[in-house]
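The block underneath contains the structure these notes are about, expressed in structure tokens.
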Amino acid sequence: MLVKFLVLAMFAQVILTFVVLVTMGKRRFRAAKEKQIDRTAFSAMRLDDAPDFVRVADRNFINQFEIPVLFYVASVTAIALNAVTVWFVAFSVVFVIARIAHSIIHLGSNKVIVRYRLFLISVLMNFLQWLSLLATLFIAV
């Protein structure tokens, strides 16, 4: 049963990635439509001169392929090794909640200190995932 909750957490992270992807696309099209970006800039993705609302969405999308990759690897490893525990799932759920909140802040008010704290929470949760996995594999009886 725990594995199902873990897979749901993983799916929520996947959904977040797609939501950010769509948000990024909408912001790019809006900027192009409003002539804030020359459409030819997209051919080589030269978006250095793009407005901040576009660059923030781009950066948030890139974020989805950084720390979350460690989340996915830990989760798949825990499932493969039959090492999913209540603690592992709890750390995973808090990780995803923190990542969702991080994206909401990043794409919205973009209050850096709040965003940074949410980032730290997600990193801590991922680290605890890994410690939990190692404890289950090497310490638990």
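Here the Karplus relation 6.51 cos²θ - 1.76 cosθ + 1.60, evaluated at θ = phi - 60°, turns the backbone of the range 9-21 into coupling constants of 5, 4, 5, 4, 5, 5, 4, 4, 4, 5, 4, 5, 4 Hz, with x for every Gly and Pro. Counting only alpha carbon atoms, the long axis of helix 67-80 and the longest principal axis of the chain meet at about 30°.
Stretching L81 away from M1 to a fully extended chain increases their span by 27.3 nm, per 0.36 nm per residue minus the current alpha-carbon distance.
Rounded to the nearest 500, the 222 nm mean residue ellipticity of the chain from helices alone is -26500 deg cm²/dmol, with -39,500 (n - 2.57) taken per DSSP H run of at least 4 residues. Phi-derived couplings, Karplus 6.51 cos²θ - 1.76 cosθ + 1.60 at θ = phi - 60°, listed residue by residue for the range 119-125: 4, 4, 4, 5, 5, 4, 4 Hz, with x used for Gly and Pro.
Highest average first, the peptides 50-62, 106-118 ordered by how many other beta carbon atoms sit within 10 Å of their residues are 50-62, 106-118. Between the C-alpha center of the range 103-139 and that of the range 1-69 there is a gap of 19 Å. L47 sits among other residues whose Cβ lies under 14 Å from its own Cβ, and their net charge, with Lys and Arg +1 and Asp and Glu -1, is +2. Can you give the FRET efficiency for K111 and L47, using 1/(1 + (r/R0)^6), R0 = 22 Å, r = Cβ-Cβ distance, to the nearest 0.05? My answer for the efficiency is 0.40. Annotation for L131 and D38: the two label points, set 7 Å from Cα along the Cα-Cβ direction, are 5.2 nm apart.
Every number here is computed from the coordinates shown, using simple stated rules; none is lab data. Quick caveat, the model's predicted, so the values are computed rather than measured. When we count neighbours, we look across all protein chains shown, and the Cβ atoms used for this are built from the backbone with ideal geometry, even at glycine.
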